[in-house]
Structures are given as C-alpha cells and as structure tokens.
Amino acid sequence: MIECRDITKTYVNGDVETKVLKGVSFSIKDGEFVAIMGPSGSGKSTLMHILGALDTATSGRYLLDGNDVSKLSDDELADIRRRKIGFVFQSFNLLPRATVLRNVSLPLVYAEMPAPERDAKARRALLSAGLDESRFFHRSNQLSGGQMQRVAIARALVNDPSLILADEPTGNLDTKTGEVVLGTFQELNLKEKRTIILITHERYVAEHADRIIQIRDGLIVEDGNHFKRRVIDHRHEGI
C-alpha cells in the first residue's frame, strides 16, 4: 500500500536550512497496523504530514496504492486525502453543537451524497467505531472524551479510506479511556482489515500496534514486528 523511498524534508528560512527528514525508507502492506514513534523533534510529525498528503517531500518518492503522491498538484493531493485517507487527531476536531450523526456524515454532505445514503453510511461507521446508537443524536459537546474520539474515528471511516492515519489519538485522554480507543483501532485492524498508522511519542501506546517504526533525528532507528502487542477490549460501557 505504502512505499517511501529516501524521503527527505528540508525547511528553508532565509539562509538557514533545517533538515528534518534525512532519507527515510520503508513500506507498509495493506492491512498492517503500524506505529511510528519518536520524541518531539524527531521528524515523526513531518513524516505524518507527508503520509497524509498534507505536505510533500523535498526529495524521494512516496507511493500510495501505486500513485506517486510526491508528484501531485495541490488539487490532486486534496483529492487523495478525500478518497484514500481518514484522519484522527488528538483534539477530535468535532463541531460542538452538531449531533454525532451530523459530525460523521459531514464529509458526505460535501461530496453531495443523497441524505438517506449518507445517513446509513454514518451509522455503519459509528457502529464500527464502537459507539452505542443511543448516542447518535447527542451533540458532541455532550459526550465524554472517549466517545468524542470514537466519533472522530467514525468520521475517518465514513468515506471507506484505504488508510487511517491517527496522530496522537490518546493524547487528550486518561489512561483507561486511551486504552479503549486503542482497542477500537485494534478491532478495526483485526476484523475489518483496515490499514492503520498510529503516530505517537509513547512506547506504551506504540505497543498496541503489530509493528513499530521508531524515528529519531530524521532517521529510522528501529523497524520491526512487535509480537506481544497489548490487546484490549474496546467496548466499555460509557467510554
């Protein structure tokens, strides 16, 4: 699904060049659950932006489903994001006064999908994310942090993307709730064969994935399968 070949990223500010990525290469197969882990300043956020087609590399190639993303225009990058990538962020990014169902179906509204079809797809995505139907017509500001993150996951699923990219998705959650959210990602990977990339600075969080790619100072320093991943039940009442 993903092929990164000698990806570099350099930011230029006047006469100052800052090399953030220094030749990063790896591949991710369809259906893998991979954690990209690194401390602040390691380059993981820059790599996440490139993988999410939010930015382009200075040099190197990034192929997603066989498409060379590094060669695309801004409009083509936007189309890739819409069709192939679902984003889950630390801060949820939900509309506080909109209902859960409305928050999840909004990308389909922009795609001009008929109301009955988008409603059905939003419901399926919410159930896949483990949210109880009794919450569908709550406003997002009436939910717990864990429930809001489930809504954000459902919104990422609603367009049936090839890739789910989760950027520090447990960063605003307590440990117990964070584990439930990570269990949701495991469920999506194991049962629905979703390809998931989890960005984190914590090894404990990364250990919920099957494979850890560790990045430091713009270089990959570890890339291997994690055979004893932490597995948890993601369906806890009220979370």
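Quick check: the distance between the Cα centres of the range 151-212 and the range 27-62, to the nearest angstrom?
Cα centroid of the range 151-212 versus Cα centroid of the range 27-62: 15 Å apart.
Rounded, prolate or oblate: which one fits the range 174-214, using the alpha carbon gyration tensor with axes a ≥ b ≥ c (rounded when a/c is under 1.5, else prolate when a/b beats b/c, else oblate)?
Here the range 174-214 falls in the oblate category.
Given R₀ = 35 Å, what would the calculated FRET efficiency be for LYS71 paired with SER134, taking r from the Cβ atoms and rounding to 0.05?
Details: r = 47 Å, r/R0 = 1.34.
Step by step, r from the Cβ atoms, then E = 0.15.
Going by the alpha-carbon gyration tensor, a ≥ b ≥ c the square roots of its eigenvalues, is the range 68-115 rounded (a/c under 1.5) or, if a/c is not under 1.5, prolate (a/b greater than b/c) versus oblate? Mind dumping the intermediate values first?
Values: a/c = 3.31, a/b = 1.66, b/c = 1.99.
Verdict is oblate for the range 68-115.
Could you calculate, for the chain, the ratio of the Cα radius of gyration to the Kirkwood radius, expressed as Rg to Rh?
0.97
Based on other C-beta atoms within 10 Å, arrange THR46, THR18, THR170 from fewest to most.
THR18, THR46, THR170
Please say if the range 1-97 is rounded, prolate or oblate, where rounded means a/c under 1.5 for a ≥ b ≥ c the square roots of the C-alpha gyration tensor eigenvalues, and otherwise the choice is prolate for a/b larger than b/c and oblate otherwise?
Verdict is rounded for the range 1-97.
In nm, to one decimal, how far is the ASN141 label point from the ARG124 one, both placed 7 Å along Cα→Cβ?
3.3 nm
Within 10 Å of each residue's Cβ, count the other Cβ atoms and sort ARG139, ARG102, ARG155 from fewest upward.
ARG139, ARG102, ARG155
Pop the C-beta distance of ASN93 and SER59 into the FRET formula with R0 = 22 Å and round what comes out to the nearest 0.05. Don't jump to the answer; show the numbers that get you there.
On the way: r = 31 Å, r/R0 = 1.41.
That pair, ASN93 with SER59, gives E of 0.10.
Only Cα pairs under 8 Å and at least 6 apart count here; give the relative contact order of the range 161-228 as a rounded whole percent.
So the answer I get is 29 percent.
From Cα pairs below 8 angstrom and at least 6 apart in sequence, can you work out the relative contact order of the chain, rounded to a whole percent?
Normalised by residue count, the contact order of the chain is 27 percent.
In degrees between 0 and 90, to the nearest 10, how far off the longest principal axis of the chain does helix 145-157 point, with axes built from Cα atoms?
70 degrees
Fully extended, how many nm does the chain gain between ALA115 and MET1 (0.36 nm per residue separation, minus their Cα-Cα distance)?
Result: 37.9 nm gained on full extension.
Relative to the first principal axis of the alpha-carbon coordinates of the chain, what is the inclination of helix 74-84, with its axis defined by its Cα atoms, in degrees from 0 to 90 and to the nearest 10?
50 degrees
Please enumerate, by chain and number, the lysines with C-alpha under 16 Å from the C-alpha of LYS193, excluding those fewer than 8 residues away in the same chain.
Excluding near neighbours in sequence, the set is LYS29, LYS84.
Along Cα→Cβ, 7 Å out, is where each label goes; now give me the distance between the ones at ARG83 and GLU202 in nm to one decimal.
3.7 nm
Pulled fully out, how much extra length does the chain show between ASP174 and ASN13, if you take 0.36 nm times their separation in residues and subtract their Cα-Cα distance?
So the chain would gain 54.1 nm between ASP174 and ASN13.
Rule-based calculations on the coordinates, nothing more; no lab input. Model, not experiment: these values are computed from the prediction. No Cβ is skipped: glycine too gets one built from the backbone with ideal geometry, and neighbour counts run over all protein chains shown.
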